[in-house]
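To keep things clear, I will list the structure first and then write my remarks on it.
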Amino acid sequence: MNETSGPATPVPSETIVVTAGTIQSSTPNVSVWLVDDNDRFRTLVAEMLGRRDGIHCARQFSSPDALLSALASKPGPDVILLDVQMGERNGLDAVRPIKSLARSTRVLMYTTCYDQEWRERALSDGASDYLLKTDPVDKVVERIRCPAGDSN
């Protein structure tokens with residue numbers, strides 16, 4: 001019988017599991033739904049986030065109405081990345097209805113325009129953060145992954 005003595009090796013919080021020749025990260029997936037009326041931009045963001053370990057862009061919507069319809073019939077994701085200005089619709093108007101349908105879902109506003117009043121309204125209505133599309137990708141990924149980074 002072989003026994004080794006000594007201190008136990010600490011297990012890291014993120015481990016790699018190897019099974020039958022495949023490598024899988026044990027980092028939990030964060031489910032993200034994207035809402036933006038610009039199809040090309042939305043697709044680009046979904047691809048960019050999908051390449052990041054631990055993030056799964058499960059669904060995409062071109063309007064807040066389509067998102068709200070989906071939330072009425074399915075459980076919400078961990079995070080919704082929501083544009084502010086979408087044609088005749090405004091993402092700010094969707095924050096309260098989203099939070100009433102999916103209380104535990106974090107809503108991150110994702111816009112080209114920084115406006116202090118919009119930011120304050122979004123946060124007071126239940127959004128967790130207000131990000132700019134010009135922010136570095138790493139910042140967006142960090143905010144998606146980290147609820148502790150919430151602004152409110």
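Brief remarks on what is shown
- Note, ³J(HN,Hα) from phi for segment 130-144, Karplus 6.51, -1.76, 1.60, rounded to Hz, x at Gly and Pro: 9, 10, 9, 5, 8, 5, x, 4, 4, 5, 4, 4, 4, 5, 5
- Qualifying aspartates and glutamates (Cα of each under 19 Å from Cα of Lys133; at least 8 residues distant if same chain): Asp36, Asp37, Asp39, Glu47, Asp83, Asp115, Glu117, Glu120, Glu142, Asp150
- Whether segment 47-152 is rounded, prolate or oblate, judged on the alpha carbon gyration tensor where a/c under 1.5 counts as rounded: rounded
- If you sort the three axes of the alpha carbon gyration tensor as a ≥ b ≥ c, you get a/c of 1.5 or more for segment 23-82 and a/b no higher than b/c, which makes it oblate.
Rule-based calculations on the coordinates, nothing more; no lab input. If you're wondering where the values come from, they're calculated on a predicted model, not measured in any experiment.
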